[in-house]
Amino acid sequence: MMKTINLKLALVVCVVLVVMQTAFVFMPSHLLRLYNMGMRPLIYVVLVMALVVFMGNNARRVGHGDLIKKLTLLFVLMYGFTLLFLAFFVGASHNSMVTSFPVVMRHLWERGFVIFLGDVIRYKLIKSTGTKERRFMLVMVTVVLVYSQLNHIHRITQGHLPVADAFFELIFSPLVIGSVVSYFAIKGSFLLVASVSFTYIMAPYLLPLLPTVSLMAFSLISSGVAFIAAMIYYVSIDSNKLQMMRIQEKRAATYRKKTRINQSLTASVIGLILLFASGLLPIYPVVILTESMTGTFNRGSLVFVERIATDDVFNRIEAGMVIHFISHQNVEYIHRVVELVYDAEGERHYMTQGDAVYLVDPVPVPQSHVRGIAHAFIPYLGYPVVLLNERR
């Protein structure tokens, strides 16, 4: 009886999501913001509360929890490393969807929060289904959630995207990623489901820099990495391998050898740190050695700088920005742009000044000397470099 009730409840939830999204397709443009900001999140919250009330907590225990936690971290890092690898070899460009902090917060609310609630719905429905009905439930929930979270469906109906790009970005990639996440929900934990789904779907809405590839290529890359993650998951949770792992753990109680996953994670983290420290990533570190920027970046701070190609300097750099540049004496500085000037040949130069200095830097900075835009920082982390520099 309980399985029948769960199946009926699942059908009701899916019908509500389909009706809501279909209404969104025909909704006037002036109501779209109200729908995204208020109506849709509210309906998702109501559906989640209904599932919690009628289904309660999942009684089915999830095994091999430690392995799933490691796989969760591996799949998140795997996607991040893939994007960094592409950005390094094909170049990175500024993400037009991440223009300011309010825009990022709006994406988190309108899309990220809905994705999280959708994963709660996905996980509870799939976990509450018996073995016979599970395949039908998995397919139904996956298709319905992909359709219900199709934010940019108006771009398809209005012809703002080429057919191929629209298919791969808005249909194919979400369907593949959704299928992988639904597969994770069968035997995995909610941590795995939510982390992978949020990371793989929300990356284009939150990352300030993205590889300079086409929409089709980016969609295929995301889908491919998600599919590889599913294959790793399938191999890793094989019952025979888990049994062998338990036997080895009992025999080696005093000395536990690192698993391949641990070794891969350790090597990946070390490799990422080395690439970052060597300045080979789109975001690179610079240590503040003087007090010229005190109040913004204090001495000893480690500043994260976004690398800017020389061709993009003209369009990206404006007065008020803090930039990293090389002076005519080949000395690195991080100062604020206070004025834009032009030489006799019409080339733009930048007048800079330290925030804690009363005088403007005497020599204008040409575009070719600009290396990047300074963003976030960590205080005190660069003091070892300061001390080594003083001893020279």
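Assorted remarks:
- Contacts under 8 angstrom Cβ, first residue in region 58-75 being in a loop (DSSP other than H, G, I, E, B) and at pLDDT below 60, partner among the β-branched types (Val, Ile, Thr) and buried (at least 17 other Cβ atoms within 10 Å of the Cβ), 6 or more apart: Val62/Ile68
- Residue identified as of a type in the set (Asp, Glu), touching a residue at least 24 places away in the same chain (Cβ under 8 Å), surrounded by fewer than 16 Cβ atoms within 10 Å (Cβ to Cβ) and not assigned by TED's automatic domain parsing to the domain that holds Ser93 among Asp312, Asp343: Asp312
- Check on Leu84, outside any strand (DSSP E or B) and at pLDDT 80 or above: yes
- Qualifying residue in region 365-376 (condition: over 18 Å from Ser327 (Cβ atoms) and in contact with a strand residue (DSSP E or B) (Cβ under 7 Å, 6 or more places away or on another chain)): yes
- Any hit, region 80-98, residues being in contact with a strand residue (DSSP E or B) (Cβ under 7 Å, 6 or more places away or on another chain) and hydroxyl-bearing (Ser, Thr, Tyr): yes
- Residue check, Ser327 outside the structural domain of Pro208 (by TED's automatic domain parsing) and surrounded by fewer than 13 Cβ atoms within 10 Å (Cβ to Cβ): no
- Test for Ser223: is it of a type in the set (Ser, Thr, Tyr) and either at pLDDT 85 or above or over 30 Å from Thr99 (Cα atoms) (or both): yes
- Restricting region 94-125 to residues that are exposed (fewer than 15 other Cβ atoms within 10 Å of the Cβ) and small (Gly, Ala, Ser) leaves a set whose member that is farthest from Leu138 (Cα to Cα) is Ser100.
- Of the set (1) assigned to a helix (DSSP H, G or I); (2) touching a Leu at 6+ places or on another chain (Cβ under 8 Å), all apply to Val103 but (2).
- Residue in region 232-253 that is modelled with pLDDT of 75 or more, within 22 Å of the chain's Cα centre (by Cα) and not in a loop (DSSP other than H, G, I, E, B) present: yes
- Residue check, Ile288 buried (at least 18 other Cβ atoms within 10 Å of the Cβ) and touching a Ser or Thr at 6+ places or on another chain (Cβ under 6 Å): yes
- Restricting region 112-152 to residues that are among the aliphatic types (A, V, I, L, M) and within 21 Å of the chain's Cα centre (by Cα), the residue that is nearest to Ser197 (Cα to Cα): Ile115
The values are calculated or read from the model by the stated rules, or taken from the named source; none is laboratory data. Note that the coordinates shown come from a computational prediction; the quantities given were computed from them, not determined experimentally. Every residue, glycine among them, receives a Cβ derived from its backbone with ideal geometry; neighbour counts consider all protein chains shown.
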